[in-house]
Amino acid sequence: MSFSLYYQAKRDRPLTGEEEQAVAEIVRRSCDQYPFKRKVEDFGVYPPDGEEKVIFNGSTKLPGNGPKVLYDAANYWLKGLTQITRLLEGASWEVRFDDVDLILDPEEGWRFPTDEEYRRRYGR
């Protein structure tokens, strides 16, 4: 069984050259400094596909060798995604862990919903 993070940002204006360079540096650094023994995929960023207003789009498959490794690896990639989110001002984001929408906390950055937030949103 595999799990993935999916992320997409939309904005009325395209990325600037400075933003593109900064995003590329965050992605490179995150991939180079990955601290866990098992990496399934690097921080995946898709090339532009012409979809209107999409300025950043990608996914990352996570290691499935135990819940702790899965959770730690997800949170590691989410830290890099938080840096990118803060960089791309004015963008609206959709970030998911498979079919669960993640939450952008102003202080913490991207995080998993609490049990209460999950129940409220999904009614489970």
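The values are calculated or read from the model by the stated rules, or taken from the named source; none is laboratory data. From a predicted model like this one, the values you see are computed outputs, not experimental measurements. Cβ sites come from the backbone with ideal geometry, for glycine too, and all protein chains shown count toward neighbours.
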*Looking at the range 21-34, which of its residues are free of Cβ contacts under 8 Å to residues at least 24 places away in the same chain and out of contact with any Asp or Glu (no Cβ under 9 Å at 6 or more places or on another chain)?*
Q21, A24, E25, R28, D32, Q33
*asked:* Out of D49, D99, I need the residue that is within 14 Å of the chain's Cα centre (by Cα) and at pLDDT below 95. Which one?
replied: D99
*Top-ranked residue of the range 35-51 - restricted to ones that are out of contact with any helix residue (DSSP H, G or I) (no Cβ under 9 Å at 6 or more places or on another chain) and free of Cβ contacts under 8 Å to residues at least 12 places away in the same chain, ranked as nearest to E25 (Cα to Cα)*: P47
_Need pairs with beta-carbon distance below 6 Å; first residue hydrophobic (A, V, I, L, M, F, W, C) and within the range 106-124, second not in a helix (DSSP H, G or I); sequence gap 6+ or separate chains._
W110/V95; W110/L102; W110/L104
*Could you tell me which residue of the range 25-83 is farthest from L15 (Cα to Cα), considering only residues that are out of contact with any strand residue (DSSP E or B) (no Cβ under 7 Å at 6 or more places or on another chain) and of a type in the set (S, T, Y)?*
Y71
*List, please: which pairs have Cβ atoms under 8 Å, are six or more places apart or on different chains, and start with a residue in the range 59-85 that is among the hydroxyl-bearing types (S, T, Y) and at pLDDT 95 or above and end with one that is surrounded by fewer than 21 Cβ atoms within 10 Å (Cβ to Cβ) and assigned to a helix (DSSP H, G or I)?*
Y76/S30
*asked:* Looking at (1) farther than 16 Å from S4 by Cβ; (2) in contact (Cβ under 8 Å) with a residue 40 or more places away in the chain; (3) β-branched (V, I, T), which one does V95 not meet, given that it meets all the others?
replied: (1)
